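Inspection log for the structure reproduced underneath, given as structure tokens.
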């Protein structure tokens, strides 16, 4: 399956393509809450939630005093921009 161009806004990606993209980034899908994904990288870990109008990323224990850092991204951003923003870490 070929994904749309990386310059394409994420809202123009069918959900199965978004799921493929997340798996390619190393994310695993929550078996109970299918809109929720988790990723572990050497220096950070995060929960990614596909909401109706945005993607919510919560970097776990990444802030001061081990607090979570939460970021919200609109689907109007390109897949490439989202990839750089989300997967570069907190």
Exercise for review: Would you calculate the separation in nanometres between label points at residue 85 and residue 11, each defined as 7 Å from the Cα along the Cα-to-beta-carbon direction?
Suggested key: 1.3 nm
**Study point:** For the chain, fraction of C-alpha pairs farther apart than 16 Å, in %
**Key:** 52 percent
Review point. Quick one: what does P(r) look like for segment 23-74 with 5 Å bins over all Cα pairs, in whole %?
Key: 5, 20, 26, 27, 15, 6, 1
Review point. Hey, what angle do you get for helix 15-24 against the long axis of the chain, alpha-carbon based, 0 to 90 degrees rounded to 10?
Key: 50 degrees
Check your understanding: Counting each DSSP H run of 4 or more residues in the chain as -39500 (n - 2.57), what helix-only mean residue ellipticity at 222 nm follows after dividing by all residues, to the nearest 500 deg cm²/dmol?
Key -> -6000 deg cm²/dmol
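Bear in mind that the values in this text are calculations on the coordinates, not laboratory data. Please read these numbers as outputs of a predicted model, since none were measured by experiment. With ideal geometry, Cβ positions are generated from the backbone for all residues, glycine too; neighbour counts draw on all protein chains shown.
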